Each structure stands twice: as C-alpha cells, then as structure tokens.
Amino acid sequence: MEKYNNLAILILAAGTSSRLGQAKQLVKYQKKTLLENACINALKISENVFVVLGSRQNECKETIKNLNVNVISNKEYKDGLSSSIKAGILELLSFKKVLIMLCDQPFIPISHFKKLIKESEENNTIICSLYDNKIAVPAIFPENKFSLLIKLEGDKGAKDIIKNNEHKYIVLDNKFSLDIDEESDLKKLKEV
C-alpha cells in the first residue's frame with residue numbers, strides 16, 4: 001500500500017469523554033481500543049503518525065506501546081479540543097500538510113482518507129469531509145493554515161477555520177461517520 005510520507009497524521013485523543021462517562025480512547029472495538037484502531041489505520045497511510053494524549057494518558061500509551069506512533073502530551077487537555085490541535089500542530093511545523101482525525105470514528109474507511117489525500121495533492125487548500133450535511137474532520141490542512149490552527153481557543157475544533165477559508169470537501173457516507181460520544185453510540189458500535 002502506498003504511504004504518503006510528506007504528510008503527518010494527527011490523531012486527537014486527549015479528551016475526558018465527559019458525555020460518554022468513560023474514556024472513549026479505551027473503548028473496545030474488534031478486540032482493540034478505539035485508539036489502537038485509529039493508529040493502525042493511520043499507519044496504513046503514513047509513517048508519520050502523532051497522537052495527542054491527555055486524559056488517562058498512561059493507560060492510552062499502554063494500548064499503543066507496540067505501534068510506531070509518536071505521542072504528544074497535552075497538559076492543557078481540560079481546556080478542550082482546541083488545546084489538542086494546538087499542541088499537535090506546534091510539534092508538526094516541519095511538515096507540509098497535516099491530516100487531523102479523531103480516535104472515535106472507527107468506521108471511516110481507508111479509501112476515504114486516500115480520497116482526501118489525492119484531492120490534497122491536486123489542491124493546496126483545506127480538504128475536509130462532508131457528512132450529515134456538515135463539513136468536518138478528518139481534514140487535511142496545508143502549512144499555510146497552521147498559524148490559524150495554533151490560534152484556536154476553547155472547546156471547539158477546526159470547523160470555523162474550514163468554513164472561513166477556501167476548502168474542498170470529500171463526501172463521506174453517513175453510515176461511516178459515527179463518532180462515539182454517548183451511551184447510544186456504544187450500542188451502535190456493539191451492533192456492528
């Protein structure tokens with residue numbers, strides 16, 4: 001499988017999972033944690049995989065210790081998603097592009113990531129996903145947008161940056177877009 005080594009993959013996995021009531025990073029799916037699954041998928045795409053950890057960091061590290069990924073520690077994880085994006089991007093300034101993904105979307109197929117990358121190779125702009133009629137991550141940000149990502153604040157992701165800047169999107173079938181946020185999502189995960 002072709003790997004894209006000029007691309008860093010940033011997996012956001014530092015949150016407290018307050019709505020779920022347990023650490024989503026450590027939820028099991030197909031006998032592996034969601035974090036492990038995300039790392040394994042990312043490694044199929046690039047050698048440069050970085051994981052931002054915060055809450056339950058030691059337990060999370062333990063589940064991925066045998067995978068060739070780099071851990072970025074976010075001591076400010078209680079400040080929300082933006083703090084993880086910021087911590088990650090500050091470590092990745094030497095890369096031309098960064099693909100941001102979440103650890104709690106286990107159904108996104110590798111083919112979708114490849115479509116994002118292909119579009120990114122043809123257009124030096126933000127390439128995001130579109131599902132449920134919303135633009136979202138996974139998304140690829142070129143280096144000329146890193147400064148905007150570093151300025152993010154509060155418990156929000158990069159959606160406003162995507163909306164307020166030129167971007168292209170790749171449609172993701174809604175059936176693949178489930179992210180594990182609430183108890184009802186865990187039931188859906190077990191049904192698959």
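Quick note: the coordinates plus some simple rules give every number you see, no bench work behind them. For clarity, every value in this text was computed on a predicted model and none was experimentally measured. Cβ: placed from backbone, ideal geometry, glycine included. Neighbour counts: every protein chain shown.
For Leu102, the residues 5 or more places off, or on other chains, whose built amide H falls under 5 Å of its own are Leu12. Distances between placed amide hydrogens fall under 5 Å for Val71 paired with Val51, all partners being 5 or more residues away or on another chain. Residue by residue, region 45-53 carries 3J(HN,Hα) couplings of 9, 8, 7, 9, 10, 10, 10, 8, 10 Hz when phi is fed to the Karplus relation 6.51 cos²θ - 1.76 cosθ + 1.60 (θ = phi - 60°); x denotes Gly or Pro. If the elastic network links every pair of Cα atoms under 10 Å, which of Val171, Val49, Val137 fluctuates the most in the Gaussian network model of the chain? So, out of Val171, Val49, Val137, the one fluctuating most is Val171. Centroid-to-centroid, using Cα positions, region 147-174 and region 1-63 are 20 Å apart.
Cα to Cα, under 27 Å, and not fewer than 8 places away if on the same chain: which lysines meet these conditions relative to Lys31? Partners found: Lys3, Lys44, Lys61, Lys65, Lys114, Lys175, Lys187, Lys188, Lys190.
Using a Gaussian network model of the chain in which every pair of alpha carbons under 10 angstrom is joined by a spring, one finds that among Asn74, Asn133, Asn124 the greatest mean-square fluctuation is at Asn133. About its Cα centre, the dipole of region 7-191 is roughly 260 debye, where the only charges are +1 on Lys and Arg Cβ and -1 on Asp and Glu Cβ. Taken one residue at a time, the phi angles of region 89-101 give Karplus couplings (6.51, -1.76, 1.60, θ = phi - 60°) of 4, 4, 8, 10, 5, 7, 8, 7, 8, 10, 9, 9, 9 Hz. Gly and Pro are set to x.
Helix-only arithmetic for the chain: the sum of -39500 (n - 2.57) across DSSP H runs with n ≥ 4, divided by the residue total, places the mean residue ellipticity at 222 nm at -8500 deg cm²/dmol.
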